[in-house]
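Note sheet for the following structure.
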Amino acid sequence: MADIAGAARSSTDEFVREPLGVQERITSDGSSPWPVEPDRYRLVGARACPWANRAIISRRLHGLEPVISLGIAGPLHDDRSWRFHLDPGNKDPVLGIEYLREAYEKAVPGYDKGVTVPAVVEVASGKVVTNDYKALEFDFATQWSAHHRPGAPDLFPEKYRDEIEEISEQIFHDVNNGVYKAGFAKGQRAYERAYTALFDRLDELSDRLADQRYLVGDTITEADVRLWVTLVRFDSAYHGHFKCNRQKLTEMPVLWAYARDLFRTPGFGDTIDFTQIKQHYYGVHREINPTGIVPAGPDLSGWLTPHHREELGGRPFGDGTPPEPPPVGEQVPPLG
């Protein structure tokens, strides 16, 4: 279960996400040992993982593909960690490793914490530099600005940063991590607490989004990225697999329209592989799904139906422009 590697159990049977193991930063001002430098680093993600998806979307929206390469671990793995089983020879073509753990152990000999994605690896040394997904997204937006594409959106506008941080923290605890707290709870009370907090928060977010297109301001911000990566996986994984089954996303009209709006926005839906999402959650989490059977559904055609959210106004990229289509080798299977 590498996307929850490092998870601990509390005395109340609740799922607890442990601190990350390699919390360095890549900066442009010399404040860390790792300088911003084109072609020095490789972002390792996985199509299945929502935490990695956040970093992949941020990289796409900022246009950092020419300066930070992308490695994709496959959806299946064992207790040794995320594995590059979709690449020729079962090895990442740049790093030359089969398991992501190898890069963690180069950075920290005897590494014994969670092997998680996203992770940024220094190509020359093969060492993980950081797996701090929250700082990574902020640094893509701020520290790497000299390498942004023309027209890149501002995902952390200065005047909204406090509001973005506040709502993002709520989303993290009750939604992003909330589905995991429900899915991996070891007791009924712990599960019901997480379930209630999740749907209370989704109801609150639905009310917020009923008359505004995006969560903060009138453009996409990092808060939208953080909510969307959970919504897009909701019906395929969390509703059934994690027992978050009060409603499907498709039965929550505002959030369903909001999710479809972003799905059709360049940089979002073009990072999603629903097959790999299901293969990972149902195929790896044998504690929850002992048979490993991957469900055939749900029907995905609804993602391409009109959402009418543009009637609320707002401009996804503000004064900027959409990103170019994904580069060769990074495309995902299209719907429809």
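Once you reduce segment 17-68 and segment 248-321 to the center of their Cα atoms, the two points are 23 Å from each other.
Volume per residue of the convex hull around the Cα atoms, evaluated for segment 133-232, comes out as 108 Å³. Average accessible surface for segment 72-229: 41 Å² per residue, computed with a 1.4 Å probe over protein heavy atoms with every protein chain in place.
For Lys278, the lysines whose Cα falls under 23 Å of its own Cα, not counting residues fewer than eight places away in the same chain, are Lys91, Lys181, Lys186, Lys243, Lys248. GNM on the chain, alpha-carbon springs under 10 angstrom: the most fluctuating residue among Glu287, Glu137, Glu65 is Glu287. For segment 52-82, the residues whose backbone nitrogen is under 20 Å from a point 7 Å from the Cα of Ala146, taken along Cα to Cβ, are 59, 62-69. Would you please give the FRET efficiency between Ile293 and Asp79, computed as 1/(1 + (r/R0)^6) with r the Cβ-Cβ distance and R0 = 22 Å, to the nearest 0.05? Efficiency, from the Cβ-Cβ distance: 0.60. Backbone amide hydrogens, once placed in the peptide plane, bring Val216 within less than 5 Å of Thr221, excluding anything fewer than 5 places away on its chain. Estimated from the Cβ-Cβ distance and a Förster radius of 30 angstrom, the FRET efficiency linking Glu192 and Arg286 is about 0.80.
With the dipole of segment 211-336 worked out from charges on the C-beta (+1 for Lys and Arg, -1 for Asp and Glu) around the Cα centre, which of Gln331, Gln279, Gly217 lies farthest toward the positive end? Of the candidates, Gln279 comes out farthest on the positive side. Quick check: from the Cα gyration tensor, does the chain come out rounded (a/c under 1.5), prolate or oblate? The shape class here is rounded. Restricted to Cα atoms, segment 226-272 shows a radius of gyration and a Dmax of 10.6, 31 angstrom. Here the chain is assigned +1 on the Cβ of each Lys and Arg and -1 on the Cβ of each Asp and Glu. Its dipole about the Cα centre then comes out at about 840 debye.
Under a GNM of the chain (C-alpha, springs under 10 Å), which listed residue has the highest mean-square fluctuation: Leu70, Leu86, Leu136? The residue with the greatest mean-square fluctuation here is Leu86.
Under the classification rounded if a/c is under 1.5, otherwise prolate if a/b is larger than b/c and oblate if not, where does segment 246-300 fall, given a ≥ b ≥ c as square roots of the Cα gyration tensor eigenvalues?
oblate
Classify segment 54-173 from the C-alpha gyration tensor, please: rounded if a/c falls under 1.5, else prolate or oblate depending on whether a/b exceeds b/c. Prolate, since a/c reaches 1.5 and a/b exceeds b/c. Modelled this way, with points 7 Å down the Cα-to-C-beta line, the labels at Leu86 and Val328 are 1.9 nm from one another.
Leaving ligands, DNA and RNA out of it, report the carbon-plus-sulfur percent of the accessible area of the chain at a 1.4 Å probe.
So the carbon and sulfur contribution to the accessible surface is 50 percent.
Taking every DSSP beta bridge that has both ends in the chain, the antiparallel portion is near 65%.
The values are calculated or read from the model by the stated rules, or taken from the named source; none is laboratory data. This is a predicted model, so every value here is computed, not measured. Note: ideal-geometry Cβ built from the backbone for every residue, glycine included; neighbour counts use all protein chains shown. Ligands, DNA and RNA are stripped out before the accessible areas are found, and what is left, the full protein with its side chains, is counted by its heavy atoms. Shrake-Rupley method; radii C 1.70, N 1.55, O 1.52, S 1.80 Å.
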